[in-house]
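Read-outs throughout are calculated quantities, based only on the coordinates presented, and are distinct from any laboratory measurement. Quantities reported herein were computed from a predicted structural model and do not represent experimental measurements. Virtual Cβ from ideal backbone geometry, glycine too; neighbours counted across all protein chains shown.
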């Protein structure tokens, strides 16, 4: 992966790459399905150019940094967190700009998994007699662009399951009342997750009970695609989700015939196969969303959908905002999960717990035991 088998990176190299990652982070929620990318150009110990990919279809980080550096890029080192592109897309290939700028060394955090790049950018640079080192802060870069890497490597979106519960794990009271379990800061965080995601998904039960808008209102940002799972197409034509933005409804092939009663300008439909118990096949739903270039999917409920995603091992990130209260005999989110052997239970790894105002925020990676994976 480098001009040397095991490149030795200096503390200065690491410092500049951390600067790159901080720049790349600025593109969060703005560039998907593209990755977040930053670039820094250094010459004789001085940063002479920097940039980041700020919007989908806009200039790439390397191009911005090269333009910022101007003639000072000649003989400099470029730091970038993802392999530069080599193909013509919405913008010209970055490798050509790097070569024409007479940059002597390029430090890349990680190879781009996209089949159109995937080592070809590195090869181009080396053929242009540019020294290339790869692998600096690779894990941090993969974590930053977790959704991009999963989508490019599997064709599936990164699944974030976000719930708001009481301390006893209940989503709502026994009558279905859930507004509001958590305080405003936790709700603002939910809106931040929405604008960072390509789509937000709920089941029809949540629509019928809460009639949510599923838009971004408490923070600044774009509205994600709204995805509704509705096997029997019970969706009210006047539901609030139709008031603003785009909506996609997954339903059964049998129910699809009734789509004519909805406004085609506001909603589109996709039919998927049902499971043996008459539910929409979630794996096929996710595959179709991936095909539609949804790289990050935020799931907000309800309890049955959350339970099935967890049971099938489809959740990549589990986020639970927990209010320090009890609801008792309420509605939970593990109702379809049942084990006779305690060793088969779902466990959480890489757990992070923090305060979010008056609520606790728990973030983790759910893991099924090997015997439970299908």
Which percent, nearest 5, of DSSP beta bridges in the chain are antiparallel?
-> 40 percent
Using R₀ = 51 Å, calculate the FRET efficiency as 1/(1 + (r/R₀)^6) where r is the Cβ-Cβ separation of residue 238 and residue 14; round to 0.05.
-> 0.35
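Using only alpha-carbon positions, what ratio does the radius of gyration of segment 155-367 give when scaled by 2.2 N^0.38 Å? Numbers along the way, then the final one.
Details: Rg = 16.8 Å, N = 213, 2.2 N^0.38 = 16.9 Å.
Relative to the 2.2 N^0.38 Å estimate, segment 155-367 comes out at 0.99.
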Of the residues 240, 329, 226, which exhibits the maximal mean-square fluctuation in a Gaussian network model of the chain defined by a 10 Å Cα contact cut-off?
-> 329
Of the peptides 171-181, 141-151, 344-354, how do they stack up when ordered by the mean number of other Cβ atoms within 10 Å, highest first?
-> 141-151, 171-181, 344-354
Compute the acute angle (0 to 90°) between the alpha-carbon long axis of helix 11-25 and the principal axis of greatest extent of the alpha-carbon atoms of the chain; round to the nearest 10°.
-> 40 degrees
Using label points projected 7 Å from each Cα along Cα→Cβ, tell me how many nm separate residue 351 and residue 256, to one decimal.
-> 4.3 nm
When you count, for each residue, the other Cβ atoms within 10 Å and take the mean per peptide, how do 126-132, 255-261 rank with the highest first?
-> 126-132, 255-261
Among 36-42, 186-192, the order from most to least packed when residues are scored by Cβ within 10 Å on average | 36-42, 186-192
Values of log10 I(q)/I(0), in the order q = 0.07, 0.10, 0.11, 0.14 Å⁻¹, for the chain under a Debye, Cα-only, solvent-free model | -0.37, -0.72, -0.84, -1.16
When the gyration tensor of segment 1-155 is built from Cα positions, what are the square roots of 5 times its three eigenvalues, in whole Å, from largest to smallest?
-> 21, 17, 16
